[in-house]
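Chemist: Dropping the structure in here first, questions after.
The values are calculated or read from the model by the stated rules, or taken from the named source; none is laboratory data. Just so it is clear, the structure is predicted and the values come from calculations on it, not from any experiment. Positions of Cβ are backbone-derived with ideal geometry, glycine not excepted, and every protein chain shown enters the neighbour counts. Side chains are part of the model used for accessible areas, which takes the heavy atoms of the whole protein and leaves out ligands, DNA and RNA. Shrake-Rupley method; radii C 1.70, N 1.55, O 1.52, S 1.80 Å.
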Amino acid sequence: MQILTLGNDLLRQKASPVREISPEYLAIAEELINSLHAGKGIGLAGPQVGRLERIFAVHVEGDIPRIFINPSIIETSQETHKYEEGCLSIPGIYTDVIRPRLVKVQAWNEKGRPFTIEATGIMARVIQHEYDHLEGILFIDRISEQKRNRILAKFEKSSGRVSERAKT
Ligand SMILES: [Zn+2]
């Protein structure tokens, strides 16, 4: 799967719910996880590979790869946490983002089984980052405008790509 990068409109669209978790999702899940590993990332969402569906893969160190389909965030802590984030769709860019420290999510796996997970630390971080992708939100939207413009200028310079900065 090819990973889309900043400037591609698909990254800015809201993904649709998966209507039925048919057996083909086993293959889609595997492809998502393979692409995630190939990119040396820890999370990858459908829209990042051109699938505007509510699905993402997460694989953090010390855990198994996990697939989240039609996730809902049912609880977040008031307590926040600052952590450096990056994104396979914005290669080479890393910056601190503030998010809730804890998150509770309900979702279905690639076999259609429902599960609930309460996460803190890096897992909570990735889940929130990937969930944002399903809403067309990128981590650079969660930092100050001044910092964002600085980062986008750096991204354009290093990648030779035109980012969204030029459009706004
Ligand atoms: Zn991302």
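Chemist: Every residue in the range 64-84 that is farther than 25 Å from residue 16 by Cα and surrounded by 14 or more Cβ atoms within 10 Å (Cβ to Cβ), please.
Modeler: Filtering the range 64-84 for residues farther than 25 Å from residue 16 by Cα gives 64, 77-84.
Across the range 64-84, the qualifying residues are 77, 81, 83.
Chemist: Is there any pair with a first residue in the range 38-55 that is farther than 15 Å from residue 127 by Cα and in a loop (DSSP other than H, G, I, E, B) and a second that is hydrophobic (A, V, I, L, M, F, W, C) and within 10 Å of the ligand (Cβ to nearest atom) whose Cβ atoms are under 7 Å apart and which are 6 or more apart or on different chains, and what are they?
Modeler: 39/3; 39/88
Chemist: Please list, ordered by residue number, the strands (runs of 3 or more DSSP E) wholly in the range 68-118 having 1 or more residues that are closer than 24 Å to residue 39 by Cα and either of a type outside the set (Phe, Trp, Tyr) or within 14 Å of the ligand (Cβ to nearest atom) (or both). Even if it seems obvious, please write down each step before you answer.
Modeler: On the way: elements: 80-85, 95-100, 103-108.
Hits in the range 68-118: 80-85, 95-100.
Chemist: Further question on the same structure: Spot the failing condition for residue 162; the list is (1) of a type in the set (Val, Ile, Thr); (2) in a loop (DSSP other than H, G, I, E, B); (3) within 16 Å of the ligand (Cβ to nearest atom), and only one is missed.
Modeler: Failing condition for residue 162: (3).
Chemist: Sticking with this one: I want to confirm something. Restricting to the range 139-163 and keeping residues that are touching a Lys or Arg at 6+ places or on another chain (Cβ under 8 Å) and within 18 Å of residue 14 (Cβ to Cβ), which single residue is most open to solvent (accessible area, probe 1.4 Å)?
Modeler: 142
Chemist: Right, something else. Go through (1) in contact with a strand residue (DSSP E or B) (Cβ under 9 Å, 6 or more places away or on another chain); (2) more than 18 Å from residue 4 (Cβ to Cβ) one by one and return the number of the condition residue 146 breaks.
Modeler: Failing condition for residue 146: (1).
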